[in-house]
1. In the Gaussian network model of the chain, springs joining C-alpha atoms below 10 Å, which of 26, 51, 42 carries the largest mean-square fluctuation?
2. Nearest 10 degrees is fine. How inclined is helix 13-30 to the longest principal axis of the chain, computing both from alpha carbons?
3. Which value at 222 nm does the chain reach when only helices count, each DSSP H run of 4 or more adding -39,500 (n - 2.57), with the total divided by all residues and rounded to the nearest 500 deg cm²/dmol?
4. Using Cα pairs closer than 8 Å and at least 6 residues apart in sequence, work out the relative contact order for the chain, in percent.
5. Please give the Cα centre distance for segment 4-26 versus segment 36-61, rounded to the nearest Å.
6. Can you put 3, 13, 35 in order of Cβ neighbours within 10 angstrom, beginning with the fewest?
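Derivation of every value follows stated rules applied to the coordinates shown; laboratory data play no part. Fair warning: this is a prediction, and the values are worked out from it, not measured in the lab. For neighbour counting, all protein chains shown are included, and Cβ atoms are generated from backbone atoms with ideal geometry for every residue, glycine included.
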């Protein structure tokens, strides 16, 4: 099986947000003392800031 690895871009927000949402919901469910429920664990604006920051690299497989 061949995989393609690439940098994430702004068009990937919806897909990545779904994954982040699932993980956040698991955290909230299992560690209510640490995590709070929220509608948007990662806003689109925050996502764009991450992509524009040279300190971070986000890859998709």
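1. Maximum among the listed residues: 26.
2. Helix 13-30 sits roughly 30 degrees off the main axis of the chain.
3. Computed mean residue ellipticity for the chain: -14000 deg cm²/dmol.
4. 55
5. Here the answer is 8 Å between Cα centres.
6. So the ranking, lowest neighbour count to highest, is 3, 35, 13.
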